[in-house]
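One structure is given here, and the rest of the page talks about it.
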Amino acid sequence: MNGIKSLCDMTPGEHARICCICPDADNKHIKRRMLDLGMINDTEIECVGKSPGGDPKAFLIRGAVIALRSEDSSAVFIRTKS
Amino acid sequence: MGLTHSSTGKEISDIGLTVKKQSPQDMCIAIAGNPNVGKSTVFNALTGMNQHTGNWPGKTVTNAQGYLLIDGETYVLVDIPGTYSLLAHSPEEEVARNFICFGEPDAVILVCDATCLERNLNLVLQTIEITSKVIVCVNLMDEAAKKHIKINCKKLSSELGVPVVPTVARKKKSLEALKKTIAYVTHNENGTKPVQTKYCPEIEKAIEILQPCVEKKTSGRINSRWLSLRLLDFDESMRDEIVSFFGEDISQDEEIKQAMEKALSLLSDGGKDKDDLCGLIISTLVGESAKIAQKSVIYEKKDYDKTDRKLDRLFTGRLSAYPIMFLLLLFIFWLTINGANYPSSLLSEFLFYIQDKLLLLFDYLNAPKWLSGALILGAYRMLAWVVSVMLPPMAIFFPLFTLLEDSGYLPRVAYNLDKPFKKCKTCGKQALTMCMGFGCNAAGVVGCRIIDSKRERIIAMITNSFVPCNGRFPILIAVIGMFFVGSSAKIFSSISAAFILTLLIISGILLTFLISRILSSTVFAGVPSSFTLELPPYRRPQIGKVLVRSIFDRTLFVLGRAAAVSAPAGVIIWILANTEVNDVTLLSHFSGFLDPFAKIMGLDGIILMAFILGFPASETVIPIMLMAYMSQGMLIEYESLAELKNMLVSNGWTISTALCTMIFTMFHWPCSTTVLTIKKESKSFLVTALSVLIPTVTGIVLCIAVNAAFRIFL
């Protein structure tokens, strides 16, 4: 099953690839920050956990674990692997 | 108030980066790298200095400088705040960028994390675009080996075209090769031939047009290819730097302007949007990093991070996260209270024994009464109090805390608490600054630089003093020990003492949330900004080293500072207590003046006076209080907490006095150092005033309420 969804909807254990990062106009800088962290198109990404409140979630990106809030991760679209 | 992310920055990016060379021939070496890769450890190992280290991103926010001697030559090493990229956006990243780009260091050491090399290579590629004098130091090789990650440094070096040195910075020996490489790179003009990242044809064409004009204008002072790229992707925050570096805004040069126009139209003809140029550039760099990493890194075990993930499930689990945080806090306090008891009384016995001997000596020397009074009963006794009350808890708490810091647990705390902080429209990283506040509120305020949004940073600064620093911490421990648990050292009583202390701390945390929430919707209204936090791998702390380091570097340093304030304070108190106006001592005048108001708050004049006189250093509050009580007649010596309690009770202390004192200890004005730091960091009178007023008003209100409740119900 190959579905496109938002990064914030990933559940722990899921693997995916980044399709695009399209933040709202008032949140443009988050894209730059994400690019700096190595989140470019087609980057492999794994959701490795969520905080006790459910948000933020932790993602494994290029060997590093990065926590992202849903407000920010909702701007990232991913294609999940079957 | 228009405090948005875009207005962040400039104000604190000028955290003075002047290289202090001992002589003009000295070479300047920058130590840069991603956050939390061990830059400070490398820096310490090379310079023999003791910059504070810890396993969490953003720990170094100031620039430390040190000296390294290789073959008789001096190198000035500059420890730069961690940064993911030189296309900066946060203030400390700007500092890093400006130093590497315009500080003209003789070489740059890029420290990389071997366990996460690919991500680190992005910064390496960006740096070798600016300067060829780059040394890549692949640190944490031991961690990588443990995770079965193999790094082919030779291959990496040939891919990058600059020297690559594997190190384990915690082991000093492994740095010899790095030193040799520093000497080689700085002395051989053509020792390194860094590869240039090739961008897409359109960008390359645009560079081709612009570069010759830039080269002509700047006459080789700066890498023209790199500058051309930056001009194309024009970043506002760089204009000032360019102006101050070249003495003029070169982007306004006629020839460059024309070339720019041509290059930009070429780009848009090729379908490359100018707004997205930066994204395109970074994407290319990241892609390149991935290719290089693929060639030089081998992951022998797929699930190399299994243990980390298991620990994360425990420490950040839905059910386990908060109880573990609570228990950890409880455990640390229990160890501190339990462990501090005995050495504390031992120390005071010894120090007051010396005091008696000193008095005898002064008598023998026929010294005048006022001299022995001011020096021994004033300065020395205050010092003895500070040492015996403050030293043992600090000497236990600091190492324990450093262990936590080294382990990598603190970022998880920020992660766990981000949701509540977000509800208060602030940033989870505030939890990290609060943790630093346990050590010292001034340090916590400086640490607020890790928070990107100015609005959130200011709220974190104002609320930092809701966490009791080590100066106030022992006050709480002493009062709890005297009034809330039996004086016996039974295990139950020490656990309940720790429990009370933990509850107090939690009340401080809850108030932090409340005040942050209120500030976020009033004075500093705004929405929470974006939040990215790296959760580093857990590391086993080096227990031996932590003990030595935290006792010598932190405990003794803090104690020294407290002692420097307390000795003169002792003299002042003694003078106040022994100067009479209208047959009443100045001290009594002062405390008597405060008494009516203090009584409403459930305190007394002397307690309030001690807090006021303790403004330069909170460590002196208890000693001032005790000396003031003693000077009113009864001169007892401190042998046990029980005796101390008797003295306080005979001065009218009750349970409600003790409780109000603890509340006021938690919530009153920050010490003078913290206030000055807030002024310096925020550059705002309003923020400074609020950071004094808010905790003070909170404390006064709480004290009055608690006192009233006691009066009414008990």
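Take the Cα atoms of the stretch B:394-455, find their three principal axes, and give me the spread along each one in whole Å, biggest first.
Largest first, the stretch B:394-455 extends 36, 23, 15 Å along its Cα principal axes.
For the stretch B:321-713, build the charge dipole from Cβ charges (+1 Lys, Arg; -1 Asp, Glu) around the Cα centre, then report which of B:N578, B:C703, B:F421 sits farthest towards its positive end.
In the stretch B:321-713, that residue is B:F421.
Neighbouring Cβ atoms within 10 Å as the yardstick, rank B:I109, B:I203 fewest first. Each step should come with its number before you reach the end.
Details: B:I109 27, B:I203 22.
The most exposed by this proxy come first: B:I203, B:I109.
Where the eigenvalues come from the Cα gyration tensor of the protein assembly as shown, what are the semi-axes √(5λ) of the equivalent ellipsoid, largest first, in whole Å?
Result for the protein assembly as shown: semi-axes of 52, 29, 26 Å.
Please determine, in degrees from 0 to 90 and to the nearest 10, the orientation of helix B:306-315 with respect to the longest principal axis defined by the Cα atoms of chain B, where the helix direction is its Cα long axis.
Between the helix axis and the principal axis of chain B, the angle is about 40 degrees.
Given R₀ = 35 Å, FRET efficiency for A:R17-B:E261 by Cβ-Cβ distance, to 0.05? Don't skip to the answer; put the middle values down first.
Details: r = 38 Å, r/R0 = 1.09.
Here the calculated transfer efficiency is 0.35.
How big is the C-alpha Rg of chain B next to the rule-of-thumb value 2.2 N^0.38 Å, as a ratio? Please list the in-between numbers first.
Working: Rg = 29.0 Å, N = 714, 2.2 N^0.38 = 26.7 Å.
Here the answer is 1.09, to two decimals.
If you fit an axis through the alpha-carbon atoms of helix B:556-578 and take the longest principal axis of the Cα set of chain B, what angle between them do you get, 0 to 90°, nearest 10?
30
Just from the alpha-carbon atoms, what are the Rg and Dmax of the stretch B:668-714 in angstroms?
14.7, 47
Of the options A:H29, A:P12, A:A58, report the single residue whose Cα projects farthest towards the positive end of the charge dipole of the stretch A:4-80 (beta-carbon charges: Lys, Arg +1; Asp, Glu -1).
A:H29
Under a cut-off of 26 Å between alpha-carbon atoms, report the lysines in cross-link reach of B:K262, not counting same-chain residues fewer than 8 places apart.
B:K198, B:K205, B:K216, B:K217, B:K272, B:K274
Residue by residue through B:391-398, how many Cβ atoms from other chains fall within 10 Å of the Cβ on average?
On the way: counts 0, 0, 0, 0, 0, 0, 0, 0.
That average works out to 0.
Taking each residue of A:41-52 in turn, how many C-beta atoms of other protein chains fall within 10 Å of its C-beta, and what is the average?
Values: counts 4, 3, 4, 1, 0, 0, 0, 6, 8, 5, 13, 15.
Partner Cβ neighbours, averaged per residue: 5.
What's the ranking of B:160-168, B:516-524 by average number of surrounding C-beta atoms within 10 Å, highest first? Show your work: numbers first, answer last.
Values: B:160-168: 21.6, B:516-524: 17.6.
Going by the mean number of other Cβ atoms within 10 Å, highest first, we get B:160-168, B:516-524.
Given +1 on the Cβ of Lys and Arg, -1 on the Cβ of Asp and Glu, and no further charges, what dipole in debye does chain A carry about its Cα centre, rounded to the nearest 20?
On the way: 12 positive and 11 negative charges, 28 e Å.
That gives chain A a dipole magnitude of about 140 debye.
With +1 on the Cβ of every Lys and Arg and -1 on the Cβ of every Asp and Glu, and nothing else charged, how large is the dipole of chain B about its Cα centre, in debye rounded to the nearest 20? Don't skip to the end; give the middle numbers.
Values: 69 positive and 63 negative charges, 386 e Å.
In total the dipole reaches around 1860 debye.
Would you mind finding the longest exposed-site-free stretch of chain B, with exposed GluC sites (Glu not before Pro) meaning DSSP loop and at most 15 other Cβ atoms within 10 Å?
B:301-636
Please give, to one decimal in nm, the separation of the simple spin-label points placed at B:L676 and B:S219, each 7 Å out from Cα toward the Cβ.
Modelled inter-label distance: 4.5 nm.
Suppose we keep just the DSSP beta bridges with both residues in chain B; what percent of those would be antiparallel, to 5? Walk me through the numbers on the way to the answer.
Values: 12 of 31 bridges.
If we restrict to bridges inside chain B, about 40 percent are antiparallel.
To check you understand DSSP bridge types, tell me what percent of the beta bridges within the protein assembly as shown (both residues inside) are antiparallel, rounded to 5.
Details: 37 of 56 bridges.
The antiparallel proportion sits near 65 percent.
Expressed in nm to one decimal, what extension gain is obtained for the pair B:F597 and B:N190 from 0.36 nm per residue of sequence separation less their Cα-Cα distance?
Working: separation 407, 0.36 × 407 = 146.52 nm, distance 7.45 nm.
Extending this stretch completely gives an extra 139.1 nm.
State the Cα centre-to-centre distance between the stretch B:397-441 and the stretch B:292-351 in whole Å.
What the calculation gives is 12 Å, centre to centre.
Sorted by mean Cβ packing within 10 Å, highest first, what order do the peptides B:312-319, B:421-428 take? If you can, show how the numbers build up before the last one.
Values: B:312-319: 16.1, B:421-428: 23.4.
Ranking the peptides B:312-319, B:421-428 by packing returns B:421-428, B:312-319.
So for B:Y304, B:Y409, B:Y322, fewest C-beta neighbours within 10 Å to most, what's the order? Please report the intermediate quantities before stating the final value.
Working: B:Y304 17, B:Y409 20, B:Y322 14.
If I rank by nearby Cβ atoms, fewest first, I get B:Y322, B:Y304, B:Y409.
Within straight cross-link reach of B:K599, meaning Cα distance under 27 Å, which lysines are found once same-chain residues fewer than 8 apart are removed?
Of all the lysines, those that pass the test against B:K599 - Cα under 27 Å, at least 8 places apart if same chain - are B:K645.
Please compute the average number of Cβ atoms from other chains found within 10 Å of each residue's Cβ in peptide B:305-311.
What the average comes to for B:305-311 is 2.
For the stretch B:82-192, what's the radius of gyration and Dmax over Cα atoms, in angstrom?
When restricted to Cα atoms, the stretch B:82-192 yields Rg and Dmax of 13.9, 39 Å.
If you line up the long axis of helix B:641-650 against the longest principal axis of chain B, both from Cα atoms, how many degrees apart are they, to the nearest 10?
In chain B, helix B:641-650 runs at an angle near 60 degrees to the longest axis.
Would you mind giving the average projected area, over all directions, of the Cα convex hull of the stretch B:604-714 in nm² with one decimal? Before the final figure, lay out each step's value.
Values: hull surface 30.8 nm².
So the Cα hull casts an average projection of 7.7 nm².
Over the Cα atoms, compute the radius of gyration (one decimal) and Dmax (the largest Cα-Cα distance, rounded to a whole number) for chain A, in Å.
11.5, 34
To the nearest 0.05, what FRET efficiency results for B:K274 and B:L311 with a Förster distance of 35 Å applied to their C-beta separation?
Values: r = 45 Å, r/R0 = 1.30.
Plugging the Cβ-Cβ distance into 1/(1 + (r/R0)^6) gives 0.15.
Among the listed pairs A:K57/A:K81; A:K31/B:K172; B:K545/B:K679; B:K171/B:K680; A:K81/B:K193, give every one whose C-alpha distance is greater than 30 Å. Working shown, then result.
On the way: A:K57/A:K81 19 Å; A:K31/B:K172 39 Å; B:K545/B:K679 35 Å; B:K171/B:K680 37 Å; A:K81/B:K193 41 Å.
In this structure, A:K31/B:K172; B:K545/B:K679; B:K171/B:K680; A:K81/B:K193 exceed 30 Å between Cα atoms.
What dipole magnitude, in Debye to the nearest 20, does the stretch B:201-271 give about its Cα centre under +1 on Lys/Arg Cβ and -1 on Asp/Glu Cβ? Spell out each step's value before the answer.
Values: 9 positive and 16 negative charges, 51 e Å.
Roughly 240 debye for the stretch B:201-271.
Please list, by residue number, everything in the stretch B:127-162 whose backbone N is under 20 Å from a paramagnetic label point 7 Å out along Cα→Cβ of B:K171.
Those under the cut-off are B:137-154.
Under a no-solvent Debye model with one identical scatterer per Cα of the stretch B:201-271, what's log10 I(q)/I(0) at q = 0.12, 0.24, 0.25 Å⁻¹?
Treating every Cα as an identical point scatterer, log10 I(q)/I(0) equals -0.28, -1.08, -1.16.
If the cut-off is a Cα-Cα distance under 20 Å, which aspartates and glutamates reach B:K306, setting aside same-chain residues fewer than 8 apart in sequence?
A:E14, A:E44, A:E46, B:D113, B:E118, B:D142, B:E143, B:D406, B:E534
What spacing in nm lies between the two simple spin-label points modelled at A:E44 and B:K205, each 7 Å away from Cα in the Cβ direction?
3.6
Measuring from label point to label point, each 7 Å out along Cα→Cβ, what is the B:A145 to B:S320 span in nm?
Once both label points are built, they end up 3.0 nm from each other.
State, to one decimal in nm², a quarter of the convex hull surface area for the C-alpha atoms of the stretch B:303-344, i.e. the direction-averaged projected area.
Approximately 3.9 nm², given one-decimal rounding.
Restricting to DSSP H runs of at least four residues, report the calculated mean residue ellipticity at 222 nm for chain B, -39500 (n - 2.57) per run over all residues, nearest 500 deg cm²/dmol.
Working: 31 runs with 434 residues, N = 714.
When only DSSP H runs of four or more count, the value is -19500 deg cm²/dmol.
Suppose the chain between B:Y353 and B:E236 were pulled fully straight at 0.36 nm per residue; how much longer would it get relative to their current alpha carbon spacing? Walk me through the numbers before you get to the answer.
Working: separation 117, 0.36 × 117 = 42.12 nm, distance 6.59 nm.
Between B:Y353 and B:E236, full extension yields 35.5 nm more.
Among B:G447, B:L510, B:S372, which residue has its Cα furthest toward the positive end of the charge dipole of chain B, with +1 on Lys/Arg Cβ and -1 on Asp/Glu Cβ?
B:L510
Read-outs throughout are calculated quantities, based only on the coordinates presented, and are distinct from any laboratory measurement. All values derive from a computational prediction rather than experimental measurement. For neighbour counting, all protein chains shown are included, and Cβ atoms are generated from backbone atoms with ideal geometry for every residue, glycine included.
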